[in-house]
1. Check region 43-59 and report whether any residue there is more than 15 Å from Pro15 (Cβ to Cβ) and either modelled with pLDDT under 95 or polar (S, T, N, Q) (or both).
2. Taking into account only those residues within region 201-219 that are among the polar types (S, T, N, Q) and at pLDDT below 95, which is nearest to Ile122 (Cα to Cα)?
3. For region 42-66, name all the residues that are open to solvent by less than 40 Å² (accessible area, probe 1.4 Å), among the aliphatic types (A, V, I, L, M) and more than 17 Å from the chain's Cα centre (by Cα).
4. Which one of the conditions (1) basic (Lys, Arg); (2) open to solvent by 30 Å² or more (accessible area, probe 1.4 Å); (3) modelled with pLDDT of 95 or more does Arg147 fail to meet, given that it meets all the rest?
5. For Phe171, indicate whether it is at pLDDT 95 or above and surrounded by 18 or more Cβ atoms within 10 Å (Cβ to Cβ).
6. Only residues that are touching a Phe, Trp or Tyr at 6+ places or on another chain (Cβ under 8 Å) and of a type in the set (Ser, Thr, Tyr): list them for region 11-56, please.
Amino acid sequence: MNSTKFPEFVSVVIPACNEAHRIIASLNMLKDFLAQTFARHEIICVDDGSADGTWELLEDFAKKHPIRLIRFEKNSGKGHAIQCGMLAAEGRHRFFMDADLPFRLDAFSLAMRQFQTLHCDIVAGDRYLPESGQSVSTGRFRKPAGRIFSTLAHCLTDMDIQDSQCGFKGFTEAAAQKIFPAIQTRGYAFDVELFVLARQMGLSVRRIPVHLVRHSGSGIRMTRDPLR
């Protein structure tokens, strides 16, 4: 066994809804990285009501590779998909990332070093940290919209939330077992509830820089969803 690998058993939850055009490429990239980086790992892919053949691709992939699958016949929301994946996970550290793997995968290694050295409960990616970067354009309106959403979240929760919606977060096993049974928000804004619950439960959060390498848009409706 490579002595440079992290010895901890990690779980990675990937929510997927109509991701047939990229899910297999993402899973191949992720499994190769995890095999090189961790002594033990598991990938849990949650198909959230896909109607484009994503589930059939996942079933075929699972016949050849050790991956755990969860399926919802109807779309239940990103938050609920991640919640179910996290509660099914068995790793000592549990992460989730979007299906397009938008961030450089070394975020997992950086997060593990934070867990090891700072003994924090949660590690959250933050695209607005000075050390963060990006290799792709995100469109002229998305960064301002993200800032507006974070400002609204701060006003409503009285929390210093710089980047609640970053699609990379990690939890210790104990933190995941405390937070995810309590989640009630099923949609994309569940991330804000995560931070609120973490504060209420006295859990420590460490933010880390992430490097954006892919951006393919999202289902967020900028004119409606932030207000909701």
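The values are calculated or read from the model by the stated rules, or taken from the named source; none is laboratory data. Fair warning: this is a prediction, and the values are worked out from it, not measured in the lab. For neighbour counting, all protein chains shown are included, and Cβ atoms are generated from backbone atoms with ideal geometry for every residue, glycine included. Calculation scope for accessible area: heavy atoms of the full protein, side chains included, ligands and nucleic acids excluded. Shrake-Rupley method; radii C 1.70, N 1.55, O 1.52, S 1.80 Å.
1. So far as region 43-59 goes, no, none of its residues is more than 15 Å from Pro15 (Cβ to Cβ) and either modelled with pLDDT under 95 or polar (S, T, N, Q) (or both).
2. Out of the qualifying residues, it is Ser218.
3. Initial filter on region 42-66 (open to solvent by less than 40 Å² (accessible area, probe 1.4 Å)): 42-50, 53-55, 58, 61-62.
Now narrow it down to the ones that are among the aliphatic types (A, V, I, L, M): 43-44, 46, 58, 62.
Scanning region 42-66 gives Leu58, Ala62.
4. Failed condition: (3).
5. yes
6. Ser11, Thr37 - these are the residues of region 11-56 that are touching a Phe, Trp or Tyr at 6+ places or on another chain (Cβ under 8 Å) and of a type in the set (Ser, Thr, Tyr).
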